[in-house]
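The values are calculated or read from the model by the stated rules, or taken from the named source; none is laboratory data. As the structure is a prediction and not an experimental result, all values here were calculated from the model. Don't worry about glycine lacking a Cβ; one is built from the backbone with ideal geometry, like all the others, and counts go over all protein chains shown. For accessibility, only protein heavy atoms count, side chains too; no ligands or nucleic acids. Shrake-Rupley method; radii C 1.70, N 1.55, O 1.52, S 1.80 Å.
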Amino acid sequence: MYEEKVLLSEIKQFMNNDDLYTLYEETYFRYKHYFDTTNYIVLNVYQFNDHGAIHVLLTTRNALEILRIIKKFGLQTTAEKLGKSFEWSKFIVAFGALFHDVGNMIHRENHYLFSTILAESIIESLAKTFEEDDWLLLKALTLNAIYTHDEAVPCTTIEGSCVTIADGCDMEEGRSRLAHKKDKVDIHAVSSLAINKVEIKEGGEEPILIEIWMKHLAGIFQVDEILTKKIKSSLLGGKVRIRIHAGEEVLEKVV
């Protein structure tokens, strides 16, 4: 459904920073074997769904889109509150999303912690390239975004919140973030397969609108168990409206 070339093009558009995008693209291809190996283990050892290159690109794109929306609505990012530029927020979101799942190579449990361990030296090198003077703060904030992407860990930054919500939005046509066995038929599998499309848009009273189209209402289980929990673990709670389309029914809730 999703193609690498198209996702990279959309990421470049949302970044609106040629130097940062070049750094991102070079890093993606340099470490693509990390994402491929992660996915190989997830698919063949854990027998879960995709957690590889397409997932991290899609999460990056979605996270940057959320970041763009909150900026447009005048919400200040954590980097900005610390006196840094909005370009810092783009860096944190982009590289936090890129490396958030590599810890699955070690183990599914606590994978978010293992992701920070595996990415630590890489993020340090990238931070020094991007910000010579205050690279350690940039590194810390990026590792924070990686660590807090799981709904079990409360977010402490706006940038980390963008990553965790974006991660939860990757649930179309069996791309669920809910860890379910590929060959097992249960409510987890039925729910994840029910979702046709997810779109992130600018909202109204709530800045972020997430529209979800599903074949039948079983998809709500997926939304409640993953996306809603991720939004509640973020700092953007109360600023997200979820609109669900299931046949003729339209359901809405603010999370």
Residues being surrounded by fewer than 24 Cβ atoms within 10 Å (Cβ to Cβ), farther than 15 Å from residue 17 by Cβ and touching a residue at least 40 places away in the same chain (Cβ under 8 Å) - total across the range 82-103:
1
Residue tally, condition closer than 17 Å to residue 129 by Cα and either part of a helix (DSSP H, G or I) or open to solvent by less than 30 Å² (accessible area, probe 1.4 Å) (or both), over the range 30-58
1
If you take just the helices (runs of 4 or more DSSP H) that sit entirely in the range 130-225, which of them hold at least 1 residues that are aromatic (Phe, Trp, Tyr) and either modelled with pLDDT under 95 or open to solvent by less than 60 Å² (accessible area, probe 1.4 Å) (or both)?
219-222
